Amino acid sequence: MIFAIETSCDETSVAILSFQGKLLSHIVVNQHNHHKFGGVVPEIASRAHLQILQSIIPQVFEETKIKVKDIDIFCATCGPGLIGGLLVGSTMAKSMAIGNNKPFYPINHLEGHILSPLVSNKINFPFLTLLLTGGHTQIYLVENIGNYKLLGETVDDAVGESFDKVAKLLGLGYPGGPLIEKKALNGNVDSFKLPHPLEFKKTLNFSFSGIKTAVNLLVKKQRRIDEKIKNDISASFQNKIIEILNKRTTLALKLLKKKGYNIKEVAIVGGVAANNKINESFKKLCEENNYNFVFPPQNMCGDNAAMIAWACLQQYKKNIKPDLNFKEDPRWSLSKILNL
Ligand code: KG4
Ligand code: ZN
């Protein structure tokens, strides 16, 4: 059995996974104490991780009746993320590994997200994945477990971050993604024309900060921000994000085909992948172009320890060695850019 901890941002999570891939226990606690600051405060997050871990670690062992000494491998997210949180989670897991004389695997948070659709889908390598989170917006060619090629990424805000910032401008709260999605249900996608940064550039990079600025100007121009305007801006914004993500994906698939890659599956992963409208748009895009669309189970879109345990299991199966001395790295990147 594998025991995993995830503490890279503002979710504190632990999981126990069997070597057969069965999730035996999984707890995710969202820290709600960051709302009033409009974003995650690293120091508050680290302290909260420490406190929450001390209650949820005993809980997963109690509810499963598994003993700590029966765990074969300990692992934790060691980057990228906020260094305080990374240190809290990994020090805890490393200590448990030392105390029980068992191996420790450092896991890359992005790899956790990237491999998460494999939990619920049979996927052929290579496949294309869009990593859509609050800190990252990247397109990867996943050649195999451990072999990831970065094809493009955001040059400014991450897509989740832009949802959060637009939600803040509309006074909706934090995290913004689910709140914008809800408002957009009652809004008109054509009510506001927002920019499409890098629209005519032949690039696989993204840019979102111009859309946020455009929303800011729009909000300032309104005499009153009533519910209808919030709904309409949310719908127009979300629709523009979908347009951008779909356009870049289409270009990536075209360039890969030209280079002779035989891609069958397209995946979206990360917190933003929980968005139903984005999910539906990818389903349609894939159906129209003969790709299988895959995504993680809903409880593995946002940050969670189950995906960390899963990534650890894949490493173990590939005979990758544990590393107790790994130094936590807030900017741990998975791959260098591959220019298509
Ligand atoms: O993967 P994640 O939980 O954490 C990071 O690794 O960053 O992603 C969090 C991001 C937040 O920006 C949040 O607003 C966004 O995912 N998000 C959504 C939705 N649910 C979460 N964005 C759009 N629509 C959603 N339903
Ligand atoms: Zn994440």
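The values are calculated or read from the model by the stated rules, or taken from the named source; none is laboratory data. In this text the structure is predicted, and so the values were computed from the model without any measurement. Cβ: placed from backbone, ideal geometry, glycine included. Neighbour counts: every protein chain shown. What goes into the accessible areas is simple: the full protein's heavy atoms, side chains included, and nothing from ligands, DNA or RNA. Shrake-Rupley method; radii C 1.70, N 1.55, O 1.52, S 1.80 Å.
Points worth noting:
- Search result, residues across the stretch 79-128 that are hydroxyl-bearing (Ser, Thr, Tyr) and at pLDDT 95 or above: Ser90, Thr91, Ser95, Tyr105, Ser116
- Taken over the stretch 28-45, the residue count meeting the criterion of being crowded, with 20+ Cβ neighbours inside 10 Å and either outside the structural domain of Ile308 (by TED's automatic domain parsing) or away from ligand 1 (no atom under 15 Å from the Cβ) (or both) is 0.
- Scanning the stretch 32-53 for residues that are in a helix (DSSP H, G or I), farther than 20 Å from Val14 by Cα and under 21 Å from the mean Cα position of the chain (by Cα) returns a single hit, His35.
- Taking strands (runs of 3 or more DSSP E) as the structural unit, those lying wholly within the stretch 63-136 and holding at least 3 residues that are under 22 Å from Ser18 (Cβ atoms) and more than 13 Å from ligand 2 (Cβ to nearest atom) correspond to 73-79, 104-108.
- Yes/no for Lys193 being surrounded by fewer than 20 Cβ atoms within 10 Å (Cβ to Cβ) and either of a type outside the set (Asp, Glu) or within 16 Å of ligand 2 (Cβ to nearest atom) (or both): yes
- Members of the stretch 137-160 found to be open to solvent by less than 10 Å² (accessible area, probe 1.4 Å) and either in a loop (DSSP other than H, G, I, E, B) or not assigned by TED's automatic domain parsing to the domain that holds Phe208 (or both), listed by number: Ala158
- Of all residues in the stretch 196-215, those that are more than 20 Å from the chain's Cα centre (by Cα) and open to solvent by less than 50 Å² (accessible area, probe 1.4 Å) total 8.
- Scanning the stretch 312-339 for residues that are open to solvent by 40 Å² or more (accessible area, probe 1.4 Å), outside any helix (DSSP H, G or I) and of a type in the set (Ser, Thr, Tyr) turns up just one, Ser333.
- Any chance Ala252 is within 16 Å of ligand 2 (Cβ to nearest atom) and either in a helix (DSSP H, G or I) or within 17 Å of the chain's Cα centre (by Cα) (or both): no
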